[in-house]
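Novice: Handing you a structure now.
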Ligand SMILES: C[S@@+](CC[C@H](N)C(=O)[O-])C[C@H]1O[C@@H](n2cnc3c(N)ncnc32)[C@H](O)[C@@H]1O
Ligand SMILES: [Zn+2]
């Protein structure tokens with residue numbers, strides 16, 4: 001494995017063009033040890049390169065190290081490449097800023113930045129292990145610790161593409177914050193699981209069932225936005241038992257199951273295991 005490149009402090013400095021103080025909403029600039037606003041609010045920048053702008057009252061901790069590592073292995077396996085391709089298609093040439101809400105390790109945002117050389121990005125996430133990786137994921141990507149339920153530390157009308165992939169931040173409050181940060185003509189790209197996502201595993205392993213209708217919900221989530229497209233990305237993958245465990249333990253099931261217990265149950269089944277990965281990529285556009 002090649003070592004991760006050092007984080008590029010320029011990505012965060014450049015992102016100050018669209019970030020704002022989460023406490024008073026003033027502009028931010030680089031100050032000793034972090035970033036700060038004119039009112040004197042200070043936010044540390046961690047040694048690994050991400051800015052901590054969560055606000056003291058936030059209790060969100062986000063994904064654990066084990067979840068992040070499982071997700072990295074799944075993403076490296078290519079199982080989600082079809083999802084990335086649909087996301088890239090939705091990002092117009094000429095877009096300047098992408099913000100990935102609950103963007104985890106920045107894997108999707110970095111792939112989009114690879115495909116759009118004029119674009120810069122910000123990953124917002126609550127998970128420290130994810131942010132450590134996101135800060136090094138791409139030279140044009142900044143990473144910011146933030147609780148998306150408590151507001152988005154991004155300036156009004158500054159974002160050309162907002163991305164939300166299997167991540168929280170929906171609902172009325174989420175929609176209002178999203179609308180606030182979107183520039184005229186901006187797009188919102190939302191990836192949600194379909195009801196048959198991981199369907200072969202739900203009964204056998206006792207997993208959380210994905211309710212139907214998430215794509216329709218996403219399509220209707222921003223009042224006044226047009227739906228440009230809803231693309232279903234679906235395939236059956238033949239996976240080894242460890243890959244199945246990664247698929248399960250990278251998501252919310254990790255909060256309800258022990259990996260070892262699921263491994264015992266899987267050991268009774270023949271491998272490889274056929275698993276459906278089925279999502280919808282919903283693309284919205286505002287005026
Ligand atoms: C299922 S993961 C998806 C990560 C990434 N979008 C991806 O697809 O690789 C959900 C992400 O939301 C983050 N998260 C959970 N609660 C959050 C919150 N309140 N604010 C910001 N991020 C949050 C988690 O840390 C995690 O990285
Ligand atoms: Zn401030």
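Novice: Within the range 63-82, which residues are surrounded by fewer than 21 Cβ atoms within 10 Å (Cβ to Cβ) and not in a helix (DSSP H, G or I)?
Specialist: 64, 77, 78, 79
Novice: Next question. I'd like to check something: does the range 134-144 contain any residue that is within 16 Å of ligand 2 (Cβ to nearest atom) and either at pLDDT 95 or above or at positive phi (or both)? Working first, answer last.
Specialist: Of the range 134-144, the ones within 16 Å of ligand 2 (Cβ to nearest atom) are 144.
Those still in the list that are either at pLDDT 95 or above or at positive phi (or both) too: 144.
Checked against the condition, which is being within 16 Å of ligand 2 (Cβ to nearest atom) and either at pLDDT 95 or above or at positive phi (or both), the range 134-144 yields at least one hit.
Novice: Follow-up. Restricting the search to the range 227-251, which residues are out of contact with any helix residue (DSSP H, G or I) (no Cβ under 9 Å at 6 or more places or on another chain) and not in a strand (DSSP E or B)? Before you say what the answer is, go through the steps one by one.
Specialist: Step one: of the range 227-251, the residues out of contact with any helix residue (DSSP H, G or I) (no Cβ under 9 Å at 6 or more places or on another chain) are 238, 240.
If the condition is that a residue be out of contact with any helix residue (DSSP H, G or I) (no Cβ under 9 Å at 6 or more places or on another chain) and not in a strand (DSSP E or B), then 240 is the only one that fits.
Novice: Follow-up question, since we're still on this one. Cβ-Cβ under 7 Å, sequence separation 6+ or interchain: first residue in the range 11-22 and closer than 16 Å to residue 157 by Cβ, partner within 16 Å of ligand 1 (Cβ to nearest atom) and part of a loop (DSSP other than H, G, I, E, B). Which pairs?
Specialist: Going by the 7 Å Cβ cut-off, the qualifying pairs are 19/153; 20/153.
Novice: Spot the failing condition for residue 76; the list is (1) away from ligand 2 (no atom under 16 Å from the Cβ); (2) farther than 24 Å from residue 198 by Cβ; (3) free of Cβ contacts under 8 Å to residues at least 40 places away in the same chain; (4) out of contact with any helix residue (DSSP H, G or I) (no Cβ under 7 Å at 6 or more places or on another chain), and only one is missed.
Specialist: (2) is the only condition that residue 76 fails.
Novice: Which is surrounded by fewer than 17 Cβ atoms within 10 Å (Cβ to Cβ), within 16 Å of ligand 1 (Cβ to nearest atom), under 29 Å from residue 96 (Cβ atoms) and modelled with pLDDT of 95 or more, of 27, 46, 39? Walk me through how you get there before you give the answer.
Specialist: Working: 27 fails: within 16 Å of ligand 1 (Cβ to nearest atom); 39 fails: within 16 Å of ligand 1 (Cβ to nearest atom).
Selected residue: 46, the only one of 27, 46, 39 that is surrounded by fewer than 17 Cβ atoms within 10 Å (Cβ to Cβ), within 16 Å of ligand 1 (Cβ to nearest atom), under 29 Å from residue 96 (Cβ atoms) and modelled with pLDDT of 95 or more.
Novice: Tell me, yes or no, whether the range 175-189 has at least one residue that is away from ligand 1 (no atom under 16 Å from the Cβ), part of a loop (DSSP other than H, G, I, E, B) and either within 30 Å of residue 273 (Cβ to Cβ) or at pLDDT 95 or above (or both).
Specialist: There is no residue in the range 175-189 that is away from ligand 1 (no atom under 16 Å from the Cβ), part of a loop (DSSP other than H, G, I, E, B) and either within 30 Å of residue 273 (Cβ to Cβ) or at pLDDT 95 or above (or both).
Novice: Does residue 262 qualify as being in contact with a strand residue (DSSP E or B) (Cβ under 8 Å, 6 or more places away or on another chain), more than 21 Å from residue 89 (Cα to Cα) and at pLDDT 95 or above? Break it down stepwise before answering.
Specialist: Values: in contact with a strand residue (DSSP E or B) (Cβ under 8 Å, 6 or more places away or on another chain): no; more than 21 Å from residue 89 (Cα to Cα): yes; at pLDDT 95 or above: yes.
No: the conditions fail for residue 262.
The values are calculated or read from the model by the stated rules, or taken from the named source; none is laboratory data. Just so it is clear, the model here is predicted, and its values are computed rather than measured. Because the Cβ atoms are built from the backbone with ideal geometry, glycine has one as well, and the counts that use them run over all protein chains shown.
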